[in-house]
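Colleague: Below you will find the structure I want to go over with you.
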Amino acid sequence: MKLPLDDLPKRDHIAYEIKKSTRHFCDERYVIISVVGPHAGESIKKIFARKTEEIQNAGFTFWLYKSYNANPQNVQQLCKKALEESFTPLCLFIKASSKGGAQDTKNDDEATSFSEDGNRWQKIPQGVLVTGSIRNSFALVFNQLEVVEKETVLDLWNYSKFGSLSNAVQIRRGGSTICCKKESPKNDSQKMVSNIRRILAVGRLTPPFGVWLK
């Protein structure tokens, strides 16, 4: 499947042709932060290996998630804002604050269709497998995934919720994938106690950035 790069300004094509940015991923201004865990008995390491292989074969992969903090419209707005300001829209996959914090997803249903706007649907192309609890689910669209081997951490206190800079980043069940801007929140009282988190992997988002699944 050819993703709709033609709908983007020319500078966005250039941004996605760059294999590696000279800017460290922790310095990107607009990011999605997502707690990652095992899925249907598959370890995190195996999930990233499988998704990386999909990118090599199909040019992109869908990453299923559910979160009230990052619906596809929010994801698309964040990514477009990043590109407008010459940043690279990334997803930083972080470790849960405690053992069992990211529970193994048991559902293994397969998504068959995706939509950029929730109305017009397309078949998921062969070679891209999306499984999980499909009802009310979304997917991030990546054209690059990289496991972070060297221990690297981020401080959640340095990020605000995208679109509401007075709100600190709060990771809760049902909302563990969040659209963020790297700017300290105005309301310090909302900051999480477990703010230092290890970054396990980084994904580079590609158009259409975020989609609905069914």
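The values are calculated or read from the model by the stated rules, or taken from the named source; none is laboratory data. Only a predicted model underlies this, so the values are computations on that prediction, with no experimental measurement involved. Backbone-built Cβ (ideal geometry, glycine too); neighbour counts: all protein chains shown.
Colleague: With respect to P208, is the statement that it is crowded, with 19+ Cβ neighbours inside 10 Å and assigned to a loop (DSSP other than H, G, I, E, B) true? Don't jump to the end; show me each part of the working.
Modeller: On the way: crowded, with 19+ Cβ neighbours inside 10 Å: yes; assigned to a loop (DSSP other than H, G, I, E, B): no.
Against the criterion (crowded, with 19+ Cβ neighbours inside 10 Å and assigned to a loop (DSSP other than H, G, I, E, B)), P208 does not qualify.
Colleague: Where in the stretch 73-183 are there strands (runs of 3 or more DSSP E), lying wholly inside it, with at least 3 residues that are modelled with pLDDT under 95 and farther than 28 Å from E53 by Cα? Lay out the reasoning, then the answer.
Modeller: Details: elements: 90-94, 113-115, 121-123, 138-147, 153-155, 164-168, 177-181.
Answer list for the stretch 73-183: 164-168.
Colleague: Being among the hydrophobic types (A, V, I, L, M, F, W, C) and more than 21 Å from the chain's Cα centre (by Cα) is the filter here, so list the residues in the stretch 182-196 that pass it.
Modeller: Just the residues of the stretch 182-196 that are among the hydrophobic types (A, V, I, L, M, F, W, C), to begin with: 192-193, 196.
Selection gives V193 alone.
Colleague: Cβ-Cβ below 8 Å, separation at least six or inter-chain, first residue in the stretch 171-190 and farther than 17 Å from V75 by Cβ, second polar (S, T, N, Q) and modelled with pLDDT of 90 or more: which pairs?
Modeller: Short answer, once both residue conditions are applied: E183/N158; E183/S160; S184/N158; S184/S160; P185/S160; K186/S160.
Colleague: Related question: Evaluate the following for K51: is it closer than 18 Å to E149 by Cα, touching a Phe, Trp or Tyr at 6+ places or on another chain (Cβ under 9 Å) and assigned to a helix (DSSP H, G or I)? Steps first, please.
Modeller: Details: closer than 18 Å to E149 by Cα: yes; touching a Phe, Trp or Tyr at 6+ places or on another chain (Cβ under 9 Å): yes; assigned to a helix (DSSP H, G or I): yes.
Yes, satisfied.
Colleague: Quickly run through the stretch 123-142 and pick out the residues that are touching a helix residue (DSSP H, G or I) at 6+ places or on another chain (Cβ under 6 Å) and surrounded by fewer than 17 Cβ atoms within 10 Å (Cβ to Cβ).
Modeller: Here is the first cut: in the stretch 123-142, the residues touching a helix residue (DSSP H, G or I) at 6+ places or on another chain (Cβ under 6 Å) are 127-128, 138.
Listed by number, the list holds a single entry, G127.
Colleague: Here's something else I'd like to know. Could you list all residues from the stretch 113-132 that are of a type in the set (S, T, N, Q) and over 17 Å from the mean Cα position of the chain (by Cα)?
Modeller: Result: S113, N119, Q122, Q126.
Per-residue answers, yes or no, for (1) farther than 14 Å from I33 by Cβ; (2) of a type in the set (D, E, K, R):
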position	(1), (2)
S86	yes, no
S97	no, no
N107	yes, no
Q126	yes, no
L145	yes, no
K161	no, yes
Q170	no, no
N187	yes, no
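Colleague: Given the criterion surrounded by fewer than 17 Cβ atoms within 10 Å (Cβ to Cβ) and under 13 Å from the mean Cα position of the chain (by Cα), identify the matching residue among G163, G175. Break it down into steps so the answer makes sense when it comes.
Modeller: On the way: G163 fails: under 13 Å from the mean Cα position of the chain (by Cα).
After ruling out the rest, the residue left standing is G175.
Colleague: Follow-up question, since we're still on this one. Take V193 and decide whether it is farther than 15 Å from I32 by Cβ, among the β-branched types (V, I, T) and exposed (fewer than 14 other Cβ atoms within 10 Å of the Cβ). Spell out the reasoning first.
Modeller: On the way: farther than 15 Å from I32 by Cβ: yes; among the β-branched types (V, I, T): yes; exposed (fewer than 14 other Cβ atoms within 10 Å of the Cβ): yes.
Taking the combined requirement at face value, the residue satisfies it.
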